[in-house]
Amino acid sequence: MTQHTNPWKTLSIKKVFESPWIELEVHDVINPAGNKGMYNIVKFKHLAIGILPIDDKGFTYLVGQWRYPLNQYSWEIPEGGGKLNISPLESAQRELLEETGLVAQHYEELLRLHTSNSVTNELAIVFLATGLEQKQAMPEETEDITVKKIHLKDALQMVMNNEITDSISVASILKAAIKLGYA
């Protein structure tokens with residue numbers, strides 16, 4: 001692959017907000033055209049972790065919940081945050097159990113995704129989970145979750161019908177459907 005040189009020049013960086021989850025920075029820059037400008041960046045302090053559980057018959061488990069920033073209900077794969085000092089796999093195992101009550105015997109990294117690389121550095125890591133066993137779900141207090149078991153072909157159709165719009169879920173379902181021969 002061709003090496004590319006960064007055409008941006010950073011003049012200064014100012015942190016304008018910080019929480020346990022994110023930082024907001026304002027960068028004064030010289031843009032690729034040579035003009036002064038400002039770039040705002042949301043820096044995440046955790047990984048985005050996703051899990052696409054698939055049973056031996058091709059069924060998966062979606063979680064539905066109200067997403068406050070969107071002010072709408074959303075169907076998604078099980079997802080959550082992963083602390084940087086904990087392995088992504090350990091975070092995936094925790095999230096899958098919390099949200100669905102499922103425990104998987106096998107995990108395979110399915111994809112890595114930058115969720116919105118024009119404004120954030122957030123990295124999502126998604127695992128394909130198989131060899132599923134049902135246990136008791138343990139959602140966090142901020143989660144009012146509905147779990148729906150559907151075939152991966154039906155989840156793919158939900159993506160194609162814009163019924164699933166979460167970027168991590170869309171990418172994961174599309175990649176798994178292709179990988180497993182459902183697309």
Practice problem: Determine whether LEU84 is of a type outside the set (Lys, Arg), in contact (Cβ under 8 Å) with a residue 12 or more places away in the chain and assigned by TED's automatic domain parsing to the domain that holds SER116. | Solution: yes
Practice problem: Could you look through region 62-92, keep only residues that are out of contact with any Gly (no Cβ under 9 Å at 6 or more places or on another chain) and closer than 15 Å to LYS148 by Cα, and pick out the one that is surrounded by the fewest Cβ atoms within 10 Å (Cβ to Cβ)? | Solution: TRP66
Practice problem: Give region 41-76 a look and list any residue that's over 22 Å from VAL119 (Cα atoms) and among the aromatic types (Phe, Trp, Tyr), or say none. | Solution: PHE59, TYR61, TRP66, TYR73, TRP75
Exercise. Being in contact (Cβ under 8 Å) with a residue 40 or more places away in the chain and of a type in the set (A, V, I, L, M, F, W, C) is the filter here, so list the residues in region 129-159 that pass it.
Key: ALA129, LEU132, ALA137, MET138, ILE145, VAL147, ILE150, LEU152, ALA155, MET158
Quiz item: Which of the residues spanning region 163-183 are surrounded by 16 or more Cβ atoms within 10 Å (Cβ to Cβ), of a type in the set (Gly, Ala, Ser) and farther than 18 Å from SER116 by Cβ?
Solution: ALA176, ALA177
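The values are calculated or read from the model by the stated rules, or taken from the named source; none is laboratory data. Keep in mind that what you see is a predicted model, and the values were worked out from it rather than measured. Cβ atoms come from the backbone with ideal geometry, glycine included; neighbour counts cover every protein chain shown.
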